[in-house]
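Each remark here refers to the structure printed beneath this line.
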Amino acid sequence: MAIADDAQSPSAVQRERTQRPNRLFKNMTAKIASIPMVATALVIFVGCTVWTIVHSFTNSRLLPRLEFVGFEQYERLWETRRWLVSIENLAIYGVCSLILSFVIGFTLAALLDRKIRGEAVFRTIFLYPFALSFIVTGLVWQWILNPQFGIQSVVQRWGWESFAFDPLNNADIVIYGILIAGIWQGSGFIMVLMLAGLRGIDEDIWKASRVDGIPVWKTYVVVIIPMMRPVFITALVIITSGIIKVYDLVVAQTSGGPGIASEVPAKYVIEKMFQSQNLAQGFAASTMMLLSVLIVLIPWAYLEFGGKKRG
Amino acid sequence: MSSFSVTEPSNRTKWFAGTLVILYAVITMIPLVWIALTGFKSPSDAIAYPPKYVIGSDSEAGFKPTLEGYVNLFTTRTRQTQEFLDANPPENWADEIVRQYDMVIVGPSKFGERFLNSVIIGFGSTFLSVFLGTLAAYAFSRFKIPLADDLLFFILSTRMMPPIAVAIPIFLMYRQLGLSDTHLGMILLYTGVNISLAVWLLKSFIDGIPTEYEEAALIDGYTRFQAFYKVVLPQAATGIASTAIFCLIFAWNEYAFAVLLTTANAQTAPPFIPTIIGVGGLDWPAIAAGVTIFLLPVMIFTILLRKHLLRGITFGAVRK
């Protein structure tokens, strides 16, 4: 951009004012400036995504090949126990973490909205886990949930001798151990988002509901939450697209164990691609993940942006 | 945020709400405080039962702070015979710490290198995304670009896609171009991921700057670029700073690409930290030390830019 401008430097402004350049040339600098971003997005994301989807219909193993086998990879995928376990885990993790982090986040926001002193400090404290690496969160919670020196030993020390809480070594509940770490990382973010949403609501609505004698909790449920729909949807999309991608957290906390009890789809894809040399199978699994992100994204795009243009 | 949506809560409500909020703040803080403390414990204190959490006290719950974890994090050590130890007195304070286990320091560990990689790749890609992002955002904000809104939203949505869907094509592309396991390759990749968010955020900041100043500058004979550089850029400084922090948070914490596309030369810290577990048993103090050091840059930036944090992580949807 700099070069383009310097070349025509002294007369550029005059020309801009006197002449009317043709349509293509008109915003040349602007177009040049936006090319890097548009190009990356198109080449890297769209190009590579299409490539992946195409190759999911082949029988590529160690190297990508274009020998098409139809939906065979998908059929095999949905017969693999490991994939089914991954999907089940993702479903449990996803639903629970959505519900719990929204409940915790909204409750905290409503509490903090009671003119608590030092609100800015609390907001920062609640938000900072969101800036952490999932690797760090995973390691920290692996440590805290360790039966020998974590929560369990502390509570036992306080006198509750029979207290047992060892989720990471129990195949039946290991996903809830990961869930705790996920919620710890995510609910502060929802809290701050909800608080901003609450502040955006006109004070008169509260006054009106007080005059009408509607109890506070009912005002929240019937009036406030429906009014905060855009905030809820934004939070939902960001959190859900994060949930579908969950990988580092599991790797750092349990590496998918015990056994395959805490496997997740992203981990399945990466292992198929990079360890068991079964590329097409990995492609098929990642296409399924893409599909699920699209299911979340499209309604959001429609609500957020389709609506705005009309209104 | 100075206004409150609920009008005058009663004192009892305030106390109740305050207590719950403080309780959750404690839950949020404990894990990190614990990790920060563990970094200064000896390996035996770190896994002691009952846990030790008072610095320097002689009581049952107290531990004597030591830099052992940090020394173990940054060095590789080897066990030596008593004769060797007697013949060679410790060279420095770090060596002295290691001596109590009959070991000597033989060289630096990979952590320093990996941390440096994180710094180069993290800050490099942040700079590049913000640089390119500011130019593109200015263009999108001030000129009529066909379908600008749809294009921007579409590009933003790529950031939400699971990165592993593009991992193999990028892996193959990088091998062809000789970019795999290089700093440049990782910088370009993270820039590619970040630039969508950078443009999206920066556009909303630049949209908020009145156009009159630039127009005045253009009439005074400035070129478009001079007007951008001298008039718009200083006003967009806050926006640029807060965009930078988001790019940094992503590039700093990214794990999947780092573990798939790099092996030795350009690997960042996140893939390295969990592997400390494998070195000489569970060396929790060293892991804790590594985590603490790794967290510091992001923590500092988070605190400095706390006011703008929300706008970035919500993709600009919330502006307060």
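At a glance:
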| item | result |
| --- | --- |
| Conditions (1) closer than 22 Å to A:SER97 by Cβ; (2) not in a helix (DSSP H, G or I); number of the one not met by A:GLY197 | (2) |
| Close pairs from the range B:67-79: first more than 12 Å from B:ALA286 (Cα to Cα), partner β-branched (Val, Ile, Thr) and modelled with pLDDT under 85, Cβ under 7 Å, at least 6 apart | B:ARG77/B:VAL98; B:ARG77/B:VAL104; B:ARG77/B:ILE105; B:ARG77/B:VAL106; B:THR78/B:VAL104; B:THR78/B:VAL106 |
| Residue within the range B:137-158 that is closer than 25 Å to A:LYS272 by Cβ, buried (at least 17 other Cβ atoms within 10 Å of the Cβ) and not assigned by TED's automatic domain parsing to the domain that holds B:ARG79 present | yes |
| Where B:LEU132 falls short, out of the listed (1) part of a helix (DSSP H, G or I); (2) more than 24 Å from the chain's Cα centre (by Cα); (3) at the interface with chain A (Cβ under 9 Å from one of its Cβ atoms) | (2) |
| The range B:150-162, residues that are touching a residue at least 12 places away in the same chain (Cβ under 8 Å) and more than 7 Å from chain A (Cβ to nearest Cβ) | B:LEU152, B:LEU156, B:ARG159 |
| From A:THR107, A:THR124, residue being within 25 Å of the chain's Cα centre (by Cα) and at pLDDT below 90 | A:THR124 |
| Residue that is modelled with the lowest pLDDT, among those in the range A:130-164 that are part of a loop (DSSP other than H, G, I, E, B) and surrounded by 16 or more Cβ atoms within 10 Å (Cβ to Cβ) | A:PHE149 |
| Whichever residue in the range A:274-285 is facing chain B (nearest Cβ under 9 Å) and more than 22 Å from A:TYR93 (Cβ to Cβ) and, among such residues, is surrounded by the fewest Cβ atoms within 10 Å (Cβ to Cβ) | A:PHE274 |
| Hey, A:LEU100 closer than 24 Å to A:MET194 by Cα, modelled with pLDDT of 90 or more and more than 8 Å from chain B (Cβ to nearest Cβ) or not | yes |
| Filtered residues of the range A:117-142 (kept if over 24 Å from B:ALA258 (Cα atoms), free of Cβ contacts under 8 Å to residues at least 24 places away in the same chain and facing another protein chain (nearest Cβ under 7 Å)) | A:PHE122, A:THR124 |
| Residue match in the range A:180-192 (condition: farther than 20 Å from A:GLY257 by Cα and in a loop (DSSP other than H, G, I, E, B)) | no |
| Within the range B:229-238, tally of residues that are in contact (Cβ under 8 Å) with a residue 40 or more places away in the chain and over 16 Å from B:THR211 (Cβ atoms) | 1 |
| Every residue from the range B:115-133 that is modelled with pLDDT under 90 and buried (at least 24 other Cβ atoms within 10 Å of the Cβ) | B:GLY133 |
| The listed residue being modelled with pLDDT of 85 or more and assigned to a helix (DSSP H, G or I), out of B:PHE301, B:PHE246, B:PHE250 | B:PHE250 |
| Residue match in the range A:196-203 (condition: more than 11 Å from chain B (Cβ to nearest Cβ), over 19 Å from B:THR302 (Cβ atoms) and surrounded by 24 or more Cβ atoms within 10 Å (Cβ to Cβ)) | no |
| Considering residues of the range A:35-64 that are among the hydroxyl-bearing types (Ser, Thr, Tyr) and under 30 Å from B:THR134 (Cα atoms) only, the residue surrounded by the fewest Cβ atoms within 10 Å (Cβ to Cβ) | A:THR49 |
| Of residues in the range B:164-186 being touching a Phe, Trp or Tyr at 6+ places or on another chain (Cβ under 6 Å) and part of a helix (DSSP H, G or I), the one surrounded by the fewest Cβ atoms within 10 Å (Cβ to Cβ) | B:PRO169 |
| Selection within the range B:214-228 - surrounded by 15 or more Cβ atoms within 10 Å (Cβ to Cβ) and outside any loop (DSSP other than H, G, I, E, B) | B:GLU214, B:ALA217, B:LEU218, B:ARG224, B:PHE225, B:GLN226, B:ALA227, B:PHE228 |
| Any hit, the range B:199-211, residues being more than 9 Å from chain A (Cβ to nearest Cβ), acidic (Asp, Glu) and under 21 Å from the mean Cα position of the chain (by Cα) | no |
| Failed criterion for B:PHE84 (all others in (1) more than 11 Å from chain A (Cβ to nearest Cβ); (2) modelled with pLDDT of 70 or more; (3) not in a helix (DSSP H, G or I) hold) | (3) |
| Whichever residue in the range B:176-197 is among the small types (Gly, Ala, Ser) and over 11 Å from B:ASN265 (Cβ atoms) and, among such residues, is farthest from the other protein chains (Cβ to nearest Cβ) | B:GLY178 |
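The values are calculated or read from the model by the stated rules, or taken from the named source; none is laboratory data. Quick caveat, the model's predicted, so the values are computed rather than measured. Methodologically, a virtual Cβ is constructed for each residue, glycine included, from the backbone with ideal geometry; neighbour enumeration extends over all protein chains shown.
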